[in-house]
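Everything below concerns the one structure shown next.
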Amino acid sequence: MTNNKVSTKLNAALLIITVAFVVTSAKASTTEQVLYNFKYKSTKGANPNAGLIRDAAGNLYGTTMLGGALNWGTVFELSPKAGGGWTEKVLHSFKGQKNGDGTDPWGSLIFDSAGNLYGTASGGGACGGGIAFELVSQANGDWTEKILHNFGCGSDGAEPLTGLTFDADGNLYGTTYYGGSGSCNDGNAAGCGVVFELAPQTGGGWTETVLYSFSASGGDGNYPEASLLLDASGNLYSTTTAGGSCTYGTAFELIRGSAGSRTEQILHSFNGNDGSYPFSNLIFDASGNLYGTTSGNIATPSTVFELKAKASGGWTENVLHYFHNSEDGLTPEAGVVFDKAGNLYGTTLAGGSDTCYLGCGVVFELTPQARGSWTEKVLHRFIKNGKDGELPACNLVFDSAGHLYGTTQDGGADGEGTVFELKP
């Protein structure tokens, strides 16, 4: 079910819209290097969807939706070699539902303070609804998987498509695309999705609590596909891909109350003119404003947006950039990331080169200008040439030198995706 989403989004993404915008070409010094090529049905993994994380030694960690020992996906590590190049190591091959394991990990990973990895797999587990897992690093270099929760395909959620978020007490938070309290107003009986918490228990094990179940009415949002952002007060922020007052998706906050209760507040309902169908996570700036992207479709625009908190309460949306055609990029599915100078960076799944059906995707930079405008610069256009990657759906990550790292779902030497580095 999840693997059909990519083609559905791409087929709906063709969009030509006339707006006021500024686009410049890539910096002459910007260069892209493919660090690793994934192979079809390889034990090393195939088709990564999620972004990467880095450890202090510069190693990169991520997931692939397919590949591995049984073709159910992997968790992998890429380590830089002393003389150049990178070495891939599969830390875990998912074994599938029949073997009590997950399948099809879509989301990115996070570390705990001990260097163990945490994430989700969208399928498999006890009933096919997915799992939350931990990979524990062993002294001999191996990693051992612990399943923290099997989603029960009902009120506790089903099909987690994103990574997890820690709080200061070691609790984990995430979303599921389906599941919850009942059928959706679109007739989907699998539920509209949930926000959940996993709390570690004394003596071992984890307990799941559903913090919020999106309602059948759709007014509070449906189908969350983004990870959660936690503020200092314990409030959670994210997006839903559908629902809201205009059915084009929402940005929402879950406000923490007494005894762990949560109240949902809609920060913004997208109306189709200011963007639609946000798949991305949200990030804060130093002033507490929020930033994200909307993927758009054939009738509504793809955007990068800001939500600015008002002193009197509520939030105001500003569209920082409308993606307008194939040169510019189309259909951003990931969020954006800041550099130290306050510029934003991200990827689009389509657009850029016309060597793919709707373009192979781009890496872009948005630079703030005087009077609140932003200028887009396309840093790299992916090309279908048997070498470069295609279709990036990932968040980007910086290293200490300012280089960017990410993944593409397809392309590369074997057509099954890449890990790439972009040097400014």
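The values are calculated or read from the model by the stated rules, or taken from the named source; none is laboratory data. Keep in mind that this is a model prediction, so the values were computed, not measured. With ideal geometry, Cβ positions are generated from the backbone for all residues, glycine too; neighbour counts draw on all protein chains shown.
Can you find, within region 268-287, the residue that is nearest to the chain's Cα centre (by Cα) among those that are surrounded by fewer than 24 Cβ atoms within 10 Å (Cβ to Cβ) and in a loop (DSSP other than H, G, I, E, B)? Break it down stepwise before answering.
So the first thing to find is which residues in region 268-287 are surrounded by fewer than 24 Cβ atoms within 10 Å (Cβ to Cβ), and the list is 268-269, 271-274, 283-287.
Checking the rest, the ones that are also in a loop (DSSP other than H, G, I, E, B) come to 271-274, 285-287.
Values: Asn271: 22, Gly272: 22, Asn273: 23, Asp274: 21, Asp285: 19, Ala286: 22, Ser287: 23 Å.
Ranking the qualifying residues of region 268-287, first place goes to Asp285.
Scanning region 91-129 for residues that are buried (at least 19 other Cβ atoms within 10 Å of the Cβ) and hydroxyl-bearing (Ser, Thr, Tyr) yields Ser93, Thr103, Ser108, Tyr118, Thr120, Ser122. One residue stands out in region 356-376 among those that are closer than 16 Å to His324 by Cβ and under 22 Å from the mean Cα position of the chain (by Cα): the one that is surrounded by the fewest Cβ atoms within 10 Å (Cβ to Cβ), namely Leu366. Of all the numbered requirements in (1) surrounded by 18 or more Cβ atoms within 10 Å (Cβ to Cβ); (2) polar (S, T, N, Q); (3) touching a strand residue (DSSP E or B) at 6+ places or on another chain (Cβ under 7 Å), Gln201 misses one, and that requirement is (1).
Taking the conditions (1) touching a strand residue (DSSP E or B) at 6+ places or on another chain (Cβ under 6 Å); (2) under 30 Å from Ala158 (Cβ atoms); (3) among the hydroxyl-bearing types (Ser, Thr, Tyr) in turn, Thr87 satisfies each one other than (2).
Total residues in region 41-76 satisfying the condition of being buried (at least 18 other Cβ atoms within 10 Å of the Cβ) and under 16 Å from Phe420 (Cα atoms): the figure is 15.
Within the bounds of region 130-146, is there any residue that is modelled with pLDDT of 95 or more, of a type in the set (Gly, Ala, Ser) and either out of contact with any Gly (no Cβ under 9 Å at 6 or more places or on another chain) or surrounded by 16 or more Cβ atoms within 10 Å (Cβ to Cβ) (or both)? Scanning region 130-146 turns up at least one residue that is modelled with pLDDT of 95 or more, of a type in the set (Gly, Ala, Ser) and either out of contact with any Gly (no Cβ under 9 Å at 6 or more places or on another chain) or surrounded by 16 or more Cβ atoms within 10 Å (Cβ to Cβ) (or both). Scanning region 252-282 for residues that are within 17 Å of Leu161 (Cα to Cα) and touching a strand residue (DSSP E or B) at 6+ places or on another chain (Cβ under 7 Å) gives Tyr277, Pro278, Ser280, Asn281, Leu282. In region 147-180, the residue that is nearest to Gly124 (Cα to Cα) out of those that are small (Gly, Ala, Ser) and surrounded by fewer than 20 Cβ atoms within 10 Å (Cβ to Cβ) is Gly152. List every residue pair whose Cβ atoms sit under 8 Å apart, with the two residues 6 or more apart in sequence or on different chains, where the first one lies in region 92-107 and is within 17 Å of Cys127 (Cβ to Cβ) and the second, anywhere, is in a helix (DSSP H, G or I) and of a type outside the set (Phe, Trp, Tyr). That search, which allows pairs on different chains as well, returns Thr103/Gln97; Asp104/Thr2; Asp104/Asn3. In the condition set (1) part of a loop (DSSP other than H, G, I, E, B); (2) closer than 27 Å to Glu225 by Cβ, Ala57 is compliant with all but (2).
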